[in-house]
1. How many residues are open to solvent by less than 50 Å² (accessible area, probe 1.4 Å), part of a strand (DSSP E or B) and within 16 Å of residue 112 (Cβ to Cβ) when one looks only at segment 31-51?
2. Pairs only if they're at least six apart or on different chains, beta carbon under 8 angstrom, first in segment 4-30 and open to solvent by 70 Å² or more (accessible area, probe 1.4 Å), second assigned to a strand (DSSP E or B) and of a type in the set (A, V, I, L, M); list them, first residue then second.
3. Restricting segment 93-132 to residues that are in contact with a Pro (Cβ under 9 Å, 6 or more places away or on another chain) and of a type in the set (D, E, K, R), which is least open to solvent (accessible area, probe 1.4 Å)?
4. Checking residue 90 against (1) over 20 Å from residue 21 (Cβ atoms); (2) in a loop (DSSP other than H, G, I, E, B), which single condition isn't satisfied?
5. Without any contact (Cβ under 8 Å) to a residue 60 or more places away in the chain, of a type outside the set (Gly, Ala, Ser) and either exposed (fewer than 12 other Cβ atoms within 10 Å of the Cβ) or in a strand (DSSP E or B) (or both): does that describe residue 54?
6. Looking at 71, 128, 80, which is the one that is in a strand (DSSP E or B), over 11 Å from the mean Cα position of the chain (by Cα), of a type in the set (D, E, K, R) and modelled with pLDDT of 95 or more?
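The values are calculated or read from the model by the stated rules, or taken from the named source; none is laboratory data. What you see is a predicted model; the values in this text were computed from it and never measured. Virtual Cβ from ideal backbone geometry, glycine too; neighbours counted across all protein chains shown. These accessible areas exclude ligands, DNA and RNA; they are computed on the full protein's heavy atoms, side chains included. Shrake-Rupley method; radii C 1.70, N 1.55, O 1.52, S 1.80 Å.
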Amino acid sequence: MTGDGSKPEVRTAGSSWLWQRQSPEIAGTTYAHGVSVHAPSSVLIDLNRTCTAYDAQAGVDDLTLGLGALRFSVYADGQRLWRSGVLHGGERAAPVHVPLAGRTTLRLVVEPVSPVDVVAVGDWAQARISCR
């Protein structure tokens, strides 16, 4: 864990590497903040309180120079609640909205479409967990 258990926290054991960033870019659009990962990636978050939704913009970061194809998924308590189509470098981000009422964990998964796509950087831009 990376905090005191009073708010959503990444569970470091069982999670892939992640990079919290200012100004990630997807298809030329700059976002204020986000989390970047390399595929394949799985980040587990303990919600630690009553939360209502997860929202983000998912896509291939422009650091990838237009290369790469990734698929993004959001799980809550082990159940997949959202999955993108295949997103390619240079394509606009896919909006993510996942209700979290009654859930205790959130898992963000990014999968490469082919073996060469492991070079791609995936972004969960403007990521926000809404809690009470």
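1. 5
2. 11/44; 11/45; 17/37; 19/35; 19/37; 20/35
3. Step by step, filter segment 93-132, then rank; the result is 123.
4. The number of the failed condition is (1).
5. When the stated conditions are applied, residue 54 does not pass them.
6. Checking each option against the conditions leaves just 80.
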